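Input: a single structure, listed below in structure tokens.
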Amino acid sequence: MKLSDPRILAALPQLGVECIGGASLAERTSLGIGGITDLLLIRRHDALPDLIVLLRDAGVAYKFLGGGTNLLVRDGELPWVVLQLAHQEPQVRLEGNSAHVYAAADLGRTVTFCAKNDLGGMEGLIGVPGTVGGALRMNAGAYGTQIGSYVRGVELYRAAEARIETLREKEISFEYRHTSFAPDDIMLAVKLELPSKPYREILQGIRICNEKRRSSQPLNQKSAGCIFKNPPGGSAGRIIDELGLKGFCVGDARVSDRHANFFVNAGRATCADMLRLIVQVRERVHAAYGAELENEVILWTE
């Protein structure tokens, strides 16, 4: 979608919002797939409510983009604009064992920064791509660690109330790859409480996790991480592997040879290719095991 309403275009600079025309989401997602639209880069979080009201009053559809690492986006000209938070400095502010982190901060760099200040607990998240806000949205986790365990408060824009508010720990539910946030909530910042731990000890844990990832995941290929959530008591990757589907392709969309729950863009895969691959793998799993795999990847395909 291309913004053409002169009222919106005139108001954006006053709100601290930069409009990047004709932005390619293929260049902003880890799968390297996605169409073209105008991207609004938000430099002032406090202006977000006014921006949303402006877009809604003008009938402009929008979606909110985090790090683009767990996302499959439709091809062609997109029917909505994309909003994205600009980085704020400093991205992390420490007070004792508390880390106050902006949602746009890179998750891995946040883990590393806290580690260098002797704050651990999140070693397992070091290789999880994307932003802190994206990790919060899906309660990202790996190797026995999930970010929700350390959350003590979240600042967010609540679309239902059209205002910014802060939720306390007890007001948020974190489960496996699921949270109680509303679909249209926009994460702005989080307060984490982390255990004190010597940097050398944290670094050793980080090295172990990195070695596991390098040996089991296609880190040098375009992917969105795990496509499916693990079914109760099982592993989606192991089930797909047992069906002999590693290397199975639809166009340039391919089940990774290294990890069967990672689908990679092996060249010029389209969104349609990736969707067909997801559907075919899900159908084969259901036919063989009776299991209904649920997407972990987020789809912007309507």
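Derivation of every value follows stated rules applied to the coordinates shown; laboratory data play no part. Note that the structure is a prediction, hence the values are computed from the model and not measured. Here the Cβ is made from the backbone with ideal geometry for all residues, glycine too, and neighbour counts use every protein chain on show.
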> In a GNM of the chain with a 10 Å cut-off on Cα contacts, which of 182, 140, 23 has the highest mean-square fluctuation?
Replying inline: 182
>> Within the stretch 11-45, list the residues whose amide N lies under 18 Å from a label point set 7 Å along Cα→Cβ of residue 301.
In response: 25-26, 29-36
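Residue 164: net charge of surrounding residues, Cβ under 13 Å, Lys/Arg +1, Asp/Glu -1, itself excluded?
-3
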> If you take every DSSP beta bridge whose two residues both sit in the stretch 1-118, what share of them, in percent to the nearest 5, is antiparallel?
Replying inline: 55 percent
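If I stretch the segment between residue 291 and residue 257 completely, what's the gain in nm (0.36 nm per residue apart, minus their alpha carbon distance), one decimal?
10.0 nm
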> Just for the Cα atoms in the chain, what are the lengths along the principal axes, largest first, rounded to whole Å?
Replying inline: 56, 49, 31
> For residue 241 and residue 284 in one chain, what is 0.36 nm times their gap in residues minus the Cα-Cα distance, to one decimal in nm?
Replying inline: 14.3 nm
> If Lys and Arg each add +1 and Asp and Glu each add -1, what is the summed charge of the other residues whose beta carbon sits under 10 Å from the beta carbon of residue 190?
Replying inline: +1
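Counting helices only, and only those DSSP H runs with n ≥ 4, report the 222 nm mean residue ellipticity of the chain as the sum of -39,500 (n - 2.57) divided by its residues, in deg cm²/dmol to the nearest 500.
Calculated at 222 nm, the ellipticity per residue is -7500 deg cm²/dmol.
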>> Just to be sure I understand: with springs between alpha-carbon atoms less than 10 Å apart, which residue in 254, 268, 282 has the highest mean-square fluctuation in the Gaussian network model of the chain?
In response: 268
> Thinking of the stretch 92-200 as a set of Cα atoms, what percent of all their pairs are more than 25 Å apart?
Replying inline: 14 percent
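Placing unit charges on C-beta atoms (Lys and Arg positive, Asp and Glu negative, everything else neutral), compute the dipole magnitude of the chain about its Cα centre in debye, rounded to 20. Working shown, then result.
Working: 35 positive and 35 negative charges, 143 e Å.
That gives the chain a dipole magnitude of about 680 debye.
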> Membrane-span-like helices in the chain: DSSP H runs reaching 18 Å or more (Cα, own axis), mean Kyte hydropathy at least -1.0?
Replying inline: 271-289
>> Which of the three applies to the stretch 1-143, rounded, prolate or oblate, going by the alpha-carbon gyration tensor with a ≥ b ≥ c and a/c under 1.5 meaning rounded?
In response: oblate
> In the P(r) worked out for the stretch 186-272, what percent of Cα pairs fall beyond 14 Å?
Replying inline: 73 percent
> In the structure displayed, which of 63/229; 197/246; 2/222 lie more than 30 Å apart, Cα to Cα?
Replying inline: 197/246
> If you take the charge dipole of the stretch 218-300 about its Cα centre, with +1 on Lys and Arg Cβ and -1 on Asp and Glu Cβ, which of 232, 286, 247 is farthest toward its positive end?
Replying inline: 247
>> Between 233, 134, 251, where does the largest GNM mean-square fluctuation fall for the chain, given springs only between Cα atoms within less than 10 Å?
In response: 233
